[in-house]
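Input: a single structure, listed below in structure tokens.
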Amino acid sequence: MAKKKTETVSLIDTFSEFKETKNIDRTTMVGVLEESFRNVIAKIFGSDENFDVIVNPDKGDFEIYRNREVVPDGEVTDENKQMALSAAQEIDPDYEVGEEVSETIDFAKFGRRAILTLRQTLASKILELEHDALYNKYKDRVGELITAEVYQTWKSETLLMDDEHNELYLPKNQQIPRDFFHKGDNVRAVIDRVDNSNGNPRIYLSRTSPEFLRRLLEQEIPEIADGLITVRRVARIPGERAKIAVESYDDRIDPVGACVGVKGSRITSVVREMNNENIDVINYTANTRLLIQRALNPAEVLSISFHEEERKAEVYLRPDQVSLAIGKGGTNIKLASMLTECTIDVFRDTEEGETTEDIYLDEFADEVDQWVIDAIKNIGYNTAKEVLNAPREMLIEKADLEEDTVDDLLRVLRAEFEDEDNTAES
């Protein structure tokens, strides 16, 4: 019997330890303990309504009392709620019919099965409490910047712990290229989403989200934190380059200068946190054409033809500016499209005085495979001059064609116009 009593007390000690690690308030903990005991009592006696359960998790002990009404001998109909007069007077000779007898119940006497049931009930309630607390803590904090400690790194994700030892997950595809973490490192990230499938919440973080850059800027640049400068748009290719459009409602504040700082001093810490991801800062404007022009910086734009309904822009530049507009690996034009929320196509500006008529691509079907012509037409180019004025790299990427295929097409098209020029000269 002493062994069972010791086992039960140990159960309360275990719950007290849980309270220390999970930071559950005393009222909630007492309620959970009482409910767990009552569930077991109801299973044993059929009802718990005539029981008093008093728990003190701070001391790791508890008391259970059963209250029964004294009835005349031979009239007991419910042994759980009634006690015969003779039995009551064995406890105290002064008991009379109608009075209530309160007895201390030794939970250990209920047997090993009852103790096991209590353990299982407690474990279930504890897990439910833990899940509810975690979900309630993070459900309204998506997009918030937090710092957590790296606990373990796997191939597909990194496990971090917050200041209350809750588990947070940073998936590999939400890590910046070249991110490398050691156990114990403090890592900054934004809360990306809270998944509560089947009542089992998992908190996912991100360092690749545009919101991560936005929150870092808020943290590092006082004018943004104070609301004097607003970050209107953010576009990122994580680990490579980012563009942000900022706006100030105070004419005395230069938003770009305030964000960058003298010789980049203000934005340096943000760039370092993002593993040297280059950040271009531009002035935001509601004028879409002007915003596109600024977004394509450092290229100098000659003219823009913008189609509002399609959110599509045709940008014309001098030949020496096309590569700047596209950027290495197409990053500049991709980011400009993301920032402006437009489809951007760039073209080399035609030579002044050029009068040669254009030719539809279908006219070249005898020299170029039809599937190549269709691939080019599918990305919006229908004539020879449109293709010749478009950057070679963009044709390869957008039409998903091999370099040799595009080069052969350009050769055929150029030859057509060269033949026309030679004929005109003759």
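The values are calculated or read from the model by the stated rules, or taken from the named source; none is laboratory data. These figures come from a predicted structure and were not determined experimentally. Here Cβ is always computed from backbone atoms with ideal geometry, including for glycine, and neighbour counts include all displayed protein chains. Calculation scope for accessible area: heavy atoms of the full protein, side chains included, ligands and nucleic acids excluded. Shrake-Rupley method; radii C 1.70, N 1.55, O 1.52, S 1.80 Å.
Output the antiparallel fraction of DSSP beta bridges having both residues in the range 217-331, as a percent to the nearest 5.
Antiparallel bridges make up about 70 percent of those DSSP assigns within the range 217-331.
If you take Kirkwood radius over Cα pairs in Å from the coordinates, which of (1) 32.7; (2) 22.7; (3) 28.6 do you get?
Computed from these coordinates, Kirkwood radius over Cα pairs in Å corresponds to label (3).
What is the sum of charges, Lys and Arg at +1 and Asp and Glu at -1, for the other residues whose Cβ falls under 13 Å from the Cβ of Arg241?
Value of the local net charge: +1.
With a 1.4 Å probe and all protein chains kept in place, how do Lys43, Lys328, Lys137, Lys172 rank by accessible area, largest first?
These residues rank, largest area first, as Lys328, Lys43, Lys172, Lys137.
Any idea of Arg202's accessible area? Nearest 10 Å², probe 1.4 Å.
So the heavy atoms of Arg202 present about 70 Å² to solvent.
What value, in deg cm²/dmol to 500, does the helix sum -39500 (n - 2.57) over DSSP H runs of n ≥ 4 give at 222 nm once divided by the residues of the chain?
-12500 deg cm²/dmol
Spin-label point model (7 Å from Cα, Cβ direction): what's the Lys183 to Thr343 distance in nm?
5.2
Identify which of Leu228, Leu296, Leu317 has the largest mean-square fluctuation in a Gaussian network model of the chain, with springs joining Cα atoms closer than 10 Å.
Leu228
Taking only C-alpha pairs under 8 Å that are 6+ residues apart, what is the relative contact order of the chain in percent?
So the answer I get is 8 percent.
I'd like the FRET efficiency for Asn283 and Arg252, computed as 1/(1 + (r/R0)^6) with the beta carbon distance as r and R0 of 22 Å, rounded to 0.05.
E(calc), rounded to 0.05, equals 0.90.
What's the extension gain from Val271 to His307 if we count 0.36 nm per residue and subtract their Cα-Cα distance?
9.5 nm is the gain from fully extending Val271 to His307.
Karplus couplings for the range 154-168 from phi (6.51 cos²θ - 1.76 cosθ + 1.60, θ = phi - 60°), rounded to Hz, Gly and Pro as x?
Going residue by residue, I get 10, 5, 9, 6, 10, 8, 10, 10, 7, 6, 10, 6, 7, 7, 10 Hz, with x marking Gly and Pro.
Any chance you could look up the accessible area of Glu96 with a 1.4 Å probe, heavy atoms only, rounded to 10 Å²?
120
Compute from the Cα atoms of the range 28-84 the Rg and the Dmax, the latter being the longest Cα-Cα distance, and quote both in angstrom.
13.7, 44
Give me the extension gain from Glu99 to Asp52: residue separation times 0.36 nm, minus the current Cα-Cα distance, reported in nm with one decimal.
Between Glu99 and Asp52, full extension yields 15.2 nm more.
³J(HN,Hα) across the range 405-416 via Karplus (A = 6.51, B = -1.76, C = 1.60, θ = phi - 60°), whole Hz, x for Gly/Pro?
With the stated coefficients, the range 405-416 comes to 5, 5, 4, 5, 4, 4, 4, 5, 5, 4, 4, 4 Hz.
Over the range 218-270, what is the relative contact order in percent, taking alpha-carbon pairs closer than 8 angstrom and at least six residues apart?
31
Using the basic label-point model (7 angstrom from Cα toward the beta carbon), what is the Gln89 to Lys137 distance in nanometres?
Inter-label distance under the simple model: 6.1 nm.
Past 25 Å, Cα to Cα, is the threshold; run Lys243/Lys398; Lys183/Lys263; Lys43/Lys125; Lys263/Lys398; Lys125/Lys172 against it and keep the listed order.
In this structure, Lys183/Lys263; Lys263/Lys398; Lys125/Lys172 lie more than 25 Å apart at Cα.
I need the fraction of alpha carbon pairs in the range 75-114 separated by more than 12 Å, rounded to a whole percent.
On the way: 506 of 780 pairs.
Everything past 12 Å amounts to 65 percent.
Can you tell me the 0 to 90 degree angle between the C-alpha axis of helix 2-22 and the longest principal axis of the chain, rounded to 10?
Tilt relative to the chain: about 30 degrees.
Where does helix 112-138 land angle-wise versus the long Cα axis of the chain, in degrees 0 to 90, nearest 10?
It is inclined by approximately 30 degrees.
Only bridges with both residues in the chain count here: give the DSSP antiparallel percent, nearest 5.
Expressed as a percentage, antiparallel bridges in the chain total about 75.
For the range 297-311, what does the Karplus curve 6.51 cos²θ - 1.76 cosθ + 1.60, with θ = phi - 60°, yield as ³J(HN,Hα) per residue in whole Hz, taken in order and with x for Gly and Pro?
3, x, 6, 9, 8, 8, 7, 9, 10, 10, 10, 4, 4, 8, 6
Kirkwood Rh over Cα pairs of the range 193-267 into Stokes-Einstein at 20 °C, 1.002 mPa s: D in µm²/s?
153
Quick check: the angle from helix 210-220's long axis to the longest principal axis of the chain, C-alpha only, nearest 10 degrees?
Between the helix axis and the principal axis of the chain, the angle is about 80 degrees.
Can you tell me the length gained on complete extension of the stretch Glu75 to Val412, counting 0.36 nm per residue apart and subtracting the Cα distance?
Result for the pair: 110.2 nm of gain on full extension.
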